[in-house]
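The values are calculated or read from the model by the stated rules, or taken from the named source; none is laboratory data. Keep in mind that this is a model prediction, so the values were computed, not measured. Cβ coordinates were reconstructed from backbone atoms using ideal geometry, including for glycine residues, and neighbour counts include every protein chain displayed.
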Amino acid sequence: MKNKIFIGNNLDWLNSNKMSEFIEKVGLVYIDPPYNNGAKLSYKNSLGTDEWALAMEQAIKASYKYMSQDAAIFVSIDDRELVSLKIILDKIFKKENFVGIFITRQAQRSNAKHINTIHEYVLCYAKNKQKLPEFKINRIDIPEEKLMIDTIISKVNEEFKNYGHDSAQHLLQDLIQYFCSLNNIKWLRNYNNIDEKGKIYFAKDLSTPGKPRSVNISSINLHLDPLLTRGWSSDRKFIKLYKEDRLVFRRNRPYEKHYLNEAQDSAPSILNFYSRQGTNALKKMGINKLFDTPKPVEMIKFFIRLGCKRNTYIMDFFAGSGTTAQAVYEVNKEDNTNHNYILIQLDEKINKKSPVFDECKKLGINPKMQYILKYRIDKYLQINNRTIDYDFYDA
Ligand SMILES: C[S@@+](CC[C@H](N)C(=O)[O-])C[C@H]1O[C@@H](n2cnc3c(N)ncnc32)[C@H](O)[C@@H]1O
């Protein structure tokens, strides 16, 4: 089986030769270490900064050789250790491979004495930034854009079905104007066409910078005169677009149909993924009390979609409740990909004072972090009618 869960200290596993088959095979690392901010949690969360930094540096350094040349690492953190983490990552990956910092919004805390901190960070580095694929993402995978796009598509679709093309076209113009001014955006203006099936698209120009040329492809009956100052896309591209039913003509000129639900953008630096979404994912499975700081599944899916442009291993060596595993399952299902995960989780006893400890007792789980992890993944697989598909290497 290709998914792997290793129980024990991440440094021990990463430095052992038991994982050597994964060297240079990992296309994405996501980690969410204890933030070391003193918050009382089910797992250990308060070391001295030096001790914490040393453990982080050693583990990340040990993980470096597993990353493929085109890989990226994403690390969650909050204000407290942000600076020491940045210094560690700069040292290991070098400043030229710093990709950027995401800010992830968090719910308002009302009891702050001074600053109501409503964000955390995710630091991103590439093993080799020159080889890192572009971080293009479908706009519908960005939460606030998804809502807008879904709204436009469903309203226009409804209008198209009930009143036909012209009426839908009017509505589309109104919606574009409304959302562009509401959200202060311009890109949406391009998506101002509706095809014969009621789908909204952007007619993308198919001329290219370069030498003027004529096009003669008799197999698809396409004959174009040369333009004055620009060239045309390649014959191969025209044939491909034709076969995909994406070639559209306006005033005798060919365009590519680019549908609204496929609109892409580079990754925004501020992300609206809230911690409570992580808890909600567990709630859906009836196990929300089983872990105190699960990350939002959608956030890790977002990073996988950004960073993995081919099937690969996704590694998380601070696995916690195994959100990364669920994210991998969901991306595979939704995007038809075939990623695998490698998780490492310390053999760690749950703090007896934490409500998580009581929940473990209630569910008959041995109160250690690795059994919470296993329980969560098994529950996910069971709910989705899937069989267990990972190897579990217990401590
Ligand atoms: C913040 S939690 C991760 C939560 C996870 N992202 C999730 O969504 O469930 C950090 C986890 O790292 C684990 N951990 C701490 N030190 C570790 C080490 N040296 N090796 C492996 N795991 C470790 C802790 O037991 C804890 O479960």
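Yes/no per residue for (1) at pLDDT below 95; (2) assigned to a loop (DSSP other than H, G, I, E, B); (3) outside the structural domain of residue 160 (by TED's automatic domain parsing); (4) over 30 Å from residue 105 (Cα atoms):
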{"residue": "196", "(1), (2), (3), (4)": "yes, yes, no, yes"}
{"residue": "202", "(1), (2), (3), (4)": "no, no, no, yes"}
{"residue": "212", "(1), (2), (3), (4)": "no, yes, no, yes"}
{"residue": "226", "(1), (2), (3), (4)": "no, yes, no, yes"}
{"residue": "237", "(1), (2), (3), (4)": "no, no, no, yes"}
{"residue": "240", "(1), (2), (3), (4)": "no, no, no, yes"}
{"residue": "245", "(1), (2), (3), (4)": "yes, yes, no, yes"}
{"residue": "256", "(1), (2), (3), (4)": "no, no, no, yes"}
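Checking the structure you have, find out if any residue of the stretch 74-95 is within 11 Å of the ligand (Cβ to nearest atom) and either assigned to a helix (DSSP H, G or I) or more than 25 Å from residue 130 (Cα to Cα) (or both).
So far as the stretch 74-95 goes, yes, one or more of its residues are within 11 Å of the ligand (Cβ to nearest atom) and either assigned to a helix (DSSP H, G or I) or more than 25 Å from residue 130 (Cα to Cα) (or both).
Hey, any hits in the stretch 11-32 for a residue that's crowded, with 20+ Cβ neighbours inside 10 Å, within 11 Å of the ligand (Cβ to nearest atom) and assigned to a loop (DSSP other than H, G, I, E, B)?
yes
Please go through the stretch 347-395 and give me each residue that is polar (S, T, N, Q) and closer than 15 Å to residue 286 by Cβ, ordered by number.
382, 384
Taking the stated definitions as given, is residue 307 on the phi > 0 side of the Ramachandran plot and either more than 9 Å from the ligand (Cβ to nearest atom) or surrounded by 23 or more Cβ atoms within 10 Å (Cβ to Cβ) (or both)?
Here the answer is no, as residue 307 does not meet what is asked.
Only one of these is surrounded by 14 or more Cβ atoms within 10 Å (Cβ to Cβ), modelled with pLDDT of 95 or more and not assigned by TED's automatic domain parsing to the domain that holds residue 75: 127, 146, 155, 161. Name it.
Result: 155 is the single residue among 127, 146, 155, 161 that is surrounded by 14 or more Cβ atoms within 10 Å (Cβ to Cβ), modelled with pLDDT of 95 or more and not assigned by TED's automatic domain parsing to the domain that holds residue 75.
Considering each residue of the stretch 56-73, count those that are part of a helix (DSSP H, G or I) and not charged (D, E, K, R), and give that number.
So the count comes out to 7.
Mind counting the residues in the stretch 244-282 that are surrounded by 15 or more Cβ atoms within 10 Å (Cβ to Cβ), of a type in the set (A, V, I, L, M) and under 20 Å from residue 140 (Cβ atoms)?
Number satisfying all stated conditions: 5.
When the residues of the stretch 88-118 are narrowed to those that are without any contact (Cβ under 8 Å) to a residue 24 or more places away in the chain and within 30 Å of residue 62 (Cβ to Cβ), which ends up surrounded by the fewest Cβ atoms within 10 Å (Cβ to Cβ)?
95
Quick check on my filter: what residues within the stretch 164-206 are among the small types (Gly, Ala, Ser) and either closer than 20 Å to residue 146 by Cβ or crowded, with 18+ Cβ neighbours inside 10 Å (or both)?
Answer for the stretch 164-206, where residues must be among the small types (Gly, Ala, Ser) and either closer than 20 Å to residue 146 by Cβ or crowded, with 18+ Cβ neighbours inside 10 Å (or both): 168, 181, 198, 203.
Name every residue in the stretch 310-334 that is more than 7 Å from the ligand (Cβ to nearest atom), under 20 Å from residue 25 (Cβ atoms) and either in a helix (DSSP H, G or I) or not assigned by TED's automatic domain parsing to the domain that holds residue 65 (or both), in order of residue number.
325, 327, 328, 329, 331, 332
Does any residue of the stretch 378-390 turn out to be assigned to a helix (DSSP H, G or I), within 14 Å of the ligand (Cβ to nearest atom), at pLDDT 95 or above and crowded, with 21+ Cβ neighbours inside 10 Å?
yes
Return the pairs, sorted by first residue and then second, in which the second residue is assigned to a strand (DSSP E or B) and of a type in the set (Lys, Arg), the first residue lies in the stretch 197-209 and is closer than 12 Å to residue 246 by Cα, the beta carbons are less than 6 Å apart, and the residues are 6+ apart or on different chains.
Matching pairs, first to second residue: 201/257.
With 359, 298, 348 as the choices, which residue is within 8 Å of the ligand (Cβ to nearest atom) and surrounded by fewer than 24 Cβ atoms within 10 Å (Cβ to Cβ)?
None of the others qualify; the one that does is 348.
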